[in-house]
Amino acid sequence: MPVIFKANVEESDNNSWIIRLTDEQSTKQVICKDMEDFSKQLALMGEEYGSDIEVQWSKDDDVTDEHFYELHQQMAKIKEDLEINE
């Protein structure tokens, strides 16, 4: 059974967005400022669980369409980079 990580997209204080990443088993939380930071933090936090992790995404209601689109674009870029390196 995979360990659950929750990734919640939130508006930040500086007119941008953040991802609050939470390890549901240990309740450890980190704030990620972009998808690159998120990827690094997820890898670090997930090390002790091997590859048996699941990320459940959510977003706050006040996340703007512009910020959600920006996040989506960053996610697509990371996915593209991963596919190129396979």
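Of all the options Ser16, Ser58, Ser26, the one that moves most in a Gaussian network model of the chain with Cα springs shorter than 10 angstrom is Ser26. Under a model in which nothing but the beta-carbon of Lys, Arg (+1) and Asp, Glu (-1) is charged, the chain shows a dipole of about 200 debye around its Cα centre.
Listing Asp81, Asp61, Asp37 from fewest to most neighbouring C-beta atoms within 10 Å gives Asp61, Asp81, Asp37. Take the alpha-carbon centre of region 14-38, take the same for region 53-86, and report the distance between them in whole Å. Using only Cα atoms, the two centres lie 13 Å from each other. Mind checking which of Ser16, Tyr69, Ile84 is farthest towards the positive end of region 3-84's charge dipole, using Cβ charges of +1 (Lys, Arg) and -1 (Asp, Glu) about the Cα centre? Of the candidates, Ile84 comes out farthest on the positive side.
Values in this text are rule-based calculations from the coordinates and carry no lab data. Since we're looking at a predicted model, the values are computed, not measured. Backbone-built Cβ (ideal geometry, glycine too); neighbour counts: all protein chains shown.
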